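A quick write-up on the structure given underneath.
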Amino acid sequence: MALDADSIARSFAERGLRLTRQRRAVVDAVAAAGASLSALQVFDAARERCPELGLTTVYRTLEVLSEIGAVRRVHGPDHCEAFVPAGAVHGHTVVCSSCGRATEFTQCDMHAVVDAAARQTGYEITEHFLQLSGICAACNAAAGAPGPSGKGAG
Ligand SMILES: [Zn+2]
Ligand SMILES: [Zn+2]
């Protein structure tokens, strides 16, 4: 996760919020997951650590974590909103559309696209979000699917 517990606690404090046991359980649940989690899945995982946790707290905590850059919103495998921990550097998330595994991708070169968008719209582009979906190596191997070169001409 991009931010350590101290930085997260500080960011919460700046918003007048304490990093309570409940909120910390939400942070831990997202950090521990190897896959994108929907808010409900975060709720289930975090409740194992903190049974008195409420769903409203989960939503509010994910909202704040997203604002401070500790988690990133993605579209999960079922096209529902899901959350993954965000890395320290600018990056994007590749989500497996089969199992939901989320992997960070940091070598993003969007300059050509951003420049073209700026030219076409006259906007000064300040930020971009990019979501990549696919089938992870494990799912590919499990399915015994041929690689991208396996398609014949036709
Ligand atoms: Zn997969
Ligand atoms: Zn990027």
Unmet criterion (only one of (1) without any contact (Cβ under 8 Å) to a residue 24 or more places away in the chain; (2) within 29 Å of Leu132 (Cα to Cα)) for Ser36: (1)
By residue number, the members of the stretch 114-154 that are modelled with pLDDT of 90 or more, in a helix (DSSP H, G or I) and closer than 28 Å to Cys80 by Cα are Val114, Ala117, Ala137, Ala138, Cys139, Asn140, Ala141, Ala142
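For (1) over 21 Å from Glu104 (Cα atoms); (2) touching a Phe, Trp or Tyr at 6+ places or on another chain (Cβ under 9 Å); (3) assigned to a loop (DSSP other than H, G, I, E, B), each residue gets a yes or a no:
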position: Arg10; (1), (2), (3): yes, no, no
position: Val27; (1), (2), (3): no, no, no
position: Pro51; (1), (2), (3): yes, no, yes
position: Gly69; (1), (2), (3): no, no, yes
position: Arg73; (1), (2), (3): no, yes, no
So Phe105 fits all but one of (1) of a type in the set (A, V, I, L, M, F, W, C); (2) over 21 Å from Gln41 (Cα atoms); (3) touching a Phe, Trp or Tyr at 6+ places or on another chain (Cβ under 7 Å); what number is the exception? (3)
Could you check, for the stretch 42-60, whether at least one of its residues is in contact (Cβ under 8 Å) with a residue 40 or more places away in the chain and within 19 Å of Asp78 (Cα to Cα)? yes
Residue match in the stretch 41-59 (condition: of a type in the set (Gly, Ala, Ser) and under 17 Å from the mean Cα position of the chain (by Cα)): yes
Scanning the stretch 85-101 for residues that are hydrophobic (A, V, I, L, M, F, W, C) and either assigned to a loop (DSSP other than H, G, I, E, B) or more than 14 Å from ligand 1 (Cβ to nearest atom) (or both), which turns out surrounded by the most Cβ atoms within 10 Å (Cβ to Cβ)? Ala86
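Might you check whether a residue that is within 16 Å of ligand 1 (Cβ to nearest atom) and modelled with pLDDT of 90 or more occurs anywhere in the stretch 62-70?
Start the filter on the stretch 62-70 by keeping residues that are within 16 Å of ligand 1 (Cβ to nearest atom), which leaves none.
No: zero hits.
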Exception for Leu53 within (1) surrounded by 15 or more Cβ atoms within 10 Å (Cβ to Cβ); (2) closer than 24 Å to Gly100 by Cα falls at (2)
Which numbered condition Gln107 fails, given (1) at pLDDT below 90; (2) surrounded by 16 or more Cβ atoms within 10 Å (Cβ to Cβ); (3) not aromatic (Phe, Trp, Tyr): (2)
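The values are calculated or read from the model by the stated rules, or taken from the named source; none is laboratory data. Since the structure is predicted, the reported quantities are computational estimates derived from the model, not experimental observations. Here Cβ is always computed from backbone atoms with ideal geometry, including for glycine, and neighbour counts include all displayed protein chains.
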